[in-house]
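First comes the structure, then the notes that go with it.
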Amino acid sequence: AGVTTVAAITAVVDEMTRANIPSFDPSIQRFDQSGFGGRYCRMLLACDPRLLLHDRELVQECKLLVDNHEAVVDGTQATDRALWEAKRIVDAALHPETGTWIPRPFR
């Protein structure tokens, strides 16, 4: 029940913040970290249990998308949303310094 609750709340927060997605920049955070609300949204989306369901192939595709974001960016909100979601998947599955796969039990 706890996992389902967190996944549902995460989906609601993601939907509620959809209209305020900034232009994609991998060097910054999606949410403003100067206030509690931004930090809360960031941590809640990072703890989304659905992130454990992504396989290596999808994570690698997302990594390529984030790494080559200059070629993809067209300034539309849909593209920015896809890039932020790809970054979220990569940040959850790959070690930030080495880029190696983090096994699911340790995420």
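Key figures for this structure:
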{"item": "Rounded percent of accessible protein surface that carbon and sulfur make up, region 15-78, 1.4 Å probe", "result": "57"}
{"item": "Enclosed volume per residue, in Å³, of the convex hull spanned by Cα atoms of region 15-78", "result": "106"}
{"item": "Whole-Hz ³J(HN,Hα) from phi, Karplus 6.51 cos²θ - 1.76 cosθ + 1.60, for region 50-55, glycine and proline x", "result": "5, 5, 6, 7, 7, 8"}
{"item": "Proportion of all alpha-carbon pairs of the chain beyond 25 Å (%)", "result": "19"}
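The values are calculated or read from the model by the stated rules, or taken from the named source; none is laboratory data. Quantities reported herein were computed from a predicted structural model and do not represent experimental measurements. Please note that ligands, DNA and RNA were not included when accessible areas were found on the heavy atoms of the full protein model with its side chains. Shrake-Rupley method; radii C 1.70, N 1.55, O 1.52, S 1.80 Å.
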